[in-house]
1. Compute the signed sum of charges (Lys and Arg +1, Asp and Glu -1) over the other residues within less than 13 Å, Cβ to Cβ, of residue 38.
2. Residue farthest toward the positive end of the dipole of the chain, with Cβ of Lys/Arg at +1 and Asp/Glu at -1: which of 33, 13, 127?
3. With a cut-off of 8 Å between alpha carbons and a minimum separation of six or more residues, what is the relative contact order of the chain in percent?
4. Mind checking the angle between helix 111-126 and the chain's longest principal axis? C-alpha axes, 0 to 90 degrees, to the nearest 10.
5. Counting only other residues whose beta carbon sits under 14 Å from that of residue 60, what net charge do I get with K and R as +1, D and E as -1?
6. In whole percent, what relative contact order does segment 13-65 give with Cα contacts below 8 Å and a gap of six or more residues?
7. For segment 6-124, list log₁₀ I(q)/I(0) at each q in 0.20 Å⁻¹, using the Debye formula over Cα point scatterers of equal strength and ignoring solvent, two decimals each.
8. Computing the accessible area with a 1.4 Å probe over protein heavy atoms, can you report the carbon and sulfur percentage for the chain?
Amino acid sequence: DLREGLPDARIVTLSIPDLLQLWDIGRGDARIAELWNESPSCRSILGNAQSDAPEDVERRGAMSAVIDEYNAAISSACAATTGCVYDAGAMHETEFTAEDISALDRFHPSASGQQKIAAVAWPLLSANPSS
């Protein structure tokens, strides 16, 4: 238990970003879709990247529902932990653009994407814990 080893630690939790929104940014670009289709990473969202076939839409929807469940679990766990602050879903609601996505894999955050993540995290990290 973290509280046993670090009883005064401040715990900051962020929700998981909306991965479908990230997928939607690149799915229309054939070069990006090809890169995703060749990658073994995150097949549940990126696999068959340009397809709107029912099974692909269903798979992505199921993954989106799992992310919602994870975010609910993060919120609940944080609420039950002394000294924990949660972003109240702010990271999940953050809007990313193509410039916010890495040119390397077209999915993970670029420097500007990392700035958006920091913009969500920093107020939680820098807030006075007693306020």
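1. On the way: positive: 31, 43, 106; negative: 34, 105.
Every neighbour counted, the sum reads +1.
2. Checking the options against the dipole of the chain, the answer is 127.
3. Details: 141 pairs, mean separation 43.3, N = 131.
Computed over the chain, the figure is 33 percent.
4. With both axes taken from Cα atoms, the answer is about 20 degrees.
5. On the way: positive: 27, 43, 59; negative: 18, 24, 52, 55, 56, 58, 68.
Taking every Cβ under 14 Å from that of residue 60, the sum is -4.
6. Values: 36 pairs, mean separation 18.5, N = 53.
Relative contact order, segment 13-65: 35 percent.
7. Evaluating at q = 0.20 Å⁻¹ gives log10 I(q)/I(0) of -1.10.
8. Numbers: 4540 of 7830 Å².
So the carbon and sulfur contribution to the accessible surface is 58 percent.
The values are calculated or read from the model by the stated rules, or taken from the named source; none is laboratory data. For clarity, every value in this text was computed on a predicted model and none was experimentally measured. Because the Cβ atoms are built from the backbone with ideal geometry, glycine has one as well, and the counts that use them run over all protein chains shown. We work out accessible area using only protein heavy atoms, side chains counted, and drop any ligands, DNA or RNA first. Shrake-Rupley method; radii C 1.70, N 1.55, O 1.52, S 1.80 Å.
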